[in-house]
Amino acid sequence: MRQSRRLSVGVALLAAVIGVAPAVAGTGPAGNAAAGACPWVGSAGPIAARVSAVLARMTLADKVAMVHGITSPAQSAGLQPGAPPYVGEVPGIPRLCIPDLKLEDGPAGVGDGMKGVTQLPAPVAAAASWDRSLMTEYGAVVGAEEWAKGANVVLAPTVNIVRDPRWGRAFESLGEDPYLTSQLAVADIEGIQGQGPMAQVKHLAAYNEETFRDTALNDAIVSPRTLQEIYLPAFQSAVQDAQVASVMCAYNQLNHVPDCANPYLDSQVLKGEFGFPGFVTSDWFAQTSSAAAAVAGLDLEMPDGCFLGTQLQPEVQAGAVPVTRLDDMVSRVLTELFRFGLFTRRQGGSPRAAVTSPTHAAFARTAAEDGTVLLKNAGGILPLDPGRTRSIAVIGADGGSQAQTAGGGSASVVAPYAVSPFRGIVRRAGPRTRVVYDDGSNLAQAAADARASDVTVVFASLFDQEDRDQTTLLLPAAENALIATVAAANPNTVVVLNTGSAVLMPWLGQVRGLLESWYPGQEDGNAVAALLFGDVDPSGKLPVTFPASAQQMPTSSPDRWPGVAGQTQYSEGLLVGYRWYDAGHVSPAFPFGFGLSYTTFAFHDLRVGSPSTSDGRETVKVAVTNTGRRAGAEVAQLYVGDPSGAGEPPRTLAGFQKVWLAPGQTAQVSFGLGPRALSYWDQTTQRWKAVLGLYRVAVGDSSRNLPRTAAFTLTRTVRSGTPPTAAPPSLSSSNAAALAATDATTCWQDDLATLGNGGLSLTGGAAAPNPSKLPVG
């Protein structure tokens with residue numbers, strides 16, 4: 001069964017593979033100072049007491065140095081020699097035994113051009129596994145390799161909701177649903193932080209566009225309820241369930257206020273409502289103010305000190321930024337340094353070290369296999385039978401040396417090698433099967449190769465990258481023409497897509513088989529061959545809806561995407577992704593949660609308990625049976641429909657569990673429904689609230705195939721969380737203008753407001769760096 005192949009990449013194994021040194025008391029940063037000079041090193045006292053002791057010894061200059069990075073724009077772009085090896089760095093203070101903060105990109109593995117690392121499948125592929133344990137292992141591989149490279153802050157995971165599949169960073173996110181994203185983000189963070197480094201979850205919040213992200217044309221207009229129910233739950237789970245160390249704020253504005261200077265986001269919600277004790281970091285060059293941002297809740301500016309360095313110190317001295325706020329900023333960084341043992345832990349590691357391993361490569365293949373989604377299998381064309389399939393044509397540039405294994409931007413990872421689909425298929429098919437390759441550049445030749453083969457497998461891709469959105473969901477015209485031509489020449493055509501999110505498929509009715517493999521990483525060819533030949537049962541499920549047309553999407557109107565007059569209206573509200581299609585009774589090409597298998601499954605014996613406590617917790621149980629002839633995995637999905645008075649979508653995902661089953665085997669799956677699953681955000685009271693009445697539950701294998709249903713009645717009020725904790729002082733409307741006036745406008749980042757779609761701005765005769773060429777978070 002599939003679970004017997006599951007790798008264990010726990011702490012001990014990874015440490016053995018890549019040589020991560022254990023924590024050693026009294027070593028590391030403290031080695032530069034006498035033990036008596038830093039009594040907090042090796043102390044077993046409460047972290048808060050240790051932080052206070054360090055803070056009492058810090059000068060104003062020390063404190064300011066702790067809240068910004070050192071990298072200049074030119075160094076970040078690699079235009080000057082001697083640039084720090086990491087995408088961001090905050091130098092420690094040896095006199096106080098404070099260690100360096102070394103920040104590195106990592107949603108899909110160690111980024112920024114570092115060599116000797118594992119190129120994992122894109123996060124969206126891992127999300128398509130719908131498997132928490134796989135996501136934990138994914139994070140563990142990332143965390144171990146980052147740690148071995150010497151980094152101690154990993155800029156991952158990306159938990160922004162895929163509001164529109166045209167978003168350029170959809171491939172590095174975890175899908176369109178807040179519950180699925182939250183669950184997988186927690187697993188990813190636990191995997192990363194279990195290996196030593198801190199995780200930095202990103203990007204807070206409502207960050208859903210790239211093209212105009214660093215201009216004044218990116219103001220997201222979102223209601224508080226929509227924020228709380230759609231765009232903030234993953235951050236709350238990261239804080240409260242995974243104890244993430246850091247949060248990155250985003251480029252965009254939210255309701256006319258920049259995210260990195262937004263007191264509602266950074267102080268009221270994150271630090272108050274969620275009780276976040278860690279530090280908030282700006283995305284690279286996303287900050288546009290000093291005093292306003294600091295008072296609003298920003299703790300660390302990256303990559304340099306343009307605002308929270310040269311401007312901050314005089315603002316503190318003048319009282320524009322309270323000393324208590326600066327102390328809070330520094331304390332938050334120190335707290336996480338102590339919590340992760342970085343005052344005493346000997347990290348070792350080097351940016352030049354080779355940290356990948358056969359174990360990591362094997363996991364990369366497993367993740368690619370488990371995340372691939374079988375979307376169509378007409379006539380059972382798959383799996384291929386080498387005994388009957390005597391010839392195969394592999395067609396398309398994506399099937400050869402130009403295989404699209406990764407997306408672009410800060411989530412890009414340099415692969416130590418990449419197995420092409422052609423190479424993987426040749427190896428698996430064996431010597432008795434003729435396999436030919438055609439890059440598809442000549443349609444007539446591609447059609448001839450297709451006609452001469454028993455089966456044709458066409459590989460097609462659409463490249464996504466940070467800093468720009470797609471303008472269409474169509475594949476390039478040449479690729480659509482290639483697929484249509486090949487399918488006309490050979491009815492036994494299978495298409496394999498390597499895309500970052502949903503695409504439109506005008507040729508869908510012409511092909512018999514369809515696999516979505518996302519960006520599968522370095523083991524691309526081996527993984528897809530195993531799936532095509534049935535060595536592995538496909539078990540992936542879509543984490544995003546695939547629309548049948550662009551007009552179907554909730555963001556099809558220009559005011560919702562990409563926006564009009566600099567504002568993007570989130571007026572679809574809660575109806576994001578499958579919720580929109582369900583509410584409008586619209587049939588997409590493939591629904592959220594959909595994915596086929598080479599075997600079959602049945603759901604039965606659905607049972608719902610009754611709330612037995614004042615918390616109103618429900619238990620839902622269902623049996624899942626493998627009714628086919630081969631082993632496989634199914635994802636049981638639980639959806640809840642609230643009473644009409646709640647104003648919620650028809651149903652929302654509230655639970656999922658992946659089970660591996662042998663033929664005839666049955667598994668009992670149990671879901672717990674807590675108060676949050678039965679509540680909505682009340683904008684009047686700013687609390688979660690449950691409506692009394694009839695709740696419906698449905699279980700199945702996608703948002704549109706829910707064969708087992710039941711209901712229960714909620715008859716008493718339930719509690720949903722604890723009251724918000726106190727937040728640090730935030731920027732009030734009364735002093736907003738005064739603080740804004742104190743912020744000088746000499747930083748080069750101010751020129752970003754005039755940059756359109758990655759162009760250059762000339763200000764004062766000097767060219768501002770192109771942000772699309774800078775390593776950013």
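The values are calculated or read from the model by the stated rules, or taken from the named source; none is laboratory data. Everything numeric here is computed off the predicted structure, so don't read it as measured data. No Cβ is skipped: glycine too gets one built from the backbone with ideal geometry, and neighbour counts run over all protein chains shown. These area figures cover heavy atoms from the full protein model, side chains too; ligands, DNA and RNA do not enter into them. Shrake-Rupley method; radii C 1.70, N 1.55, O 1.52, S 1.80 Å.
Rolled with a 1.4 Å probe across the full set of protein chains, the surface gives residue 689 an accessible area near 100 Å². Scalar couplings 3J(HN,Hα) for the stretch 375-390, obtained by applying the Karplus form with A = 6.51, B = -1.76, C = 1.60 to θ = phi - 60°, are 9, 8, 8, 5, x, x, 4, 10, x, 6, 10, x, x, 10, 8, 8 Hz; x denotes Gly and Pro. Ranking of 346, 332 by solvent-accessible surface, largest first: 346, 332 (1.4 Å probe, protein heavy atoms only, all chains present).
Between residue 68 and 301, the built amide H atoms are under 5 Å apart, and every one of these is 5 or more places off in sequence or on another chain.
Taking a straight line from the alpha carbon of residue 63, these aspartates and glutamates sit under 17 Å away, with near neighbours fewer than eight places off in the same chain left out: 89, 100, 299, 301, 304, 315, 327, 328, 336.
What accessible area per residue comes out for the stretch 239-335, rounded to a whole number of Å², with a 1.4 Å probe?
Working: 2150 Å² over 97 residues.
Using a 1.4 Å probe on heavy atoms only, each residue of the stretch 239-335 averages 22 Å².
Close amide H contacts of residue 391 (hydrogens built in the peptide plane, cut-off under 5 Å, sequence separation of 5 or more or a different chain): 434, 454, 455.
Cβ under 12 Å from residue 244's Cβ, residue 244 left aside: what net charge do those residues give with Lys, Arg +1 and Asp, Glu -1?
Values: positive: 202, 339; negative: 188, 190, 241, 336.
Charge balance in the 12 Å sphere: -2.
A probe of 1.4 angstrom, applied to the heavy atoms of all protein chains, finds residue 571 with accessible area near 70 square angstrom. Between the amide H of residue 548 and those of 589, distances stay under 5 Å, these residues lying 5 or more places away or on another chain, with hydrogens modeled in the peptide plane.
Net charge in the neighbourhood of residue 384 (other residues with Cβ under 12 Å of its Cβ; Lys, Arg +1, Asp, Glu -1) is +1.
Counting only protein heavy atoms and using a 1.4 Å probe, the accessible area of residue 471 comes to about 130 Å².
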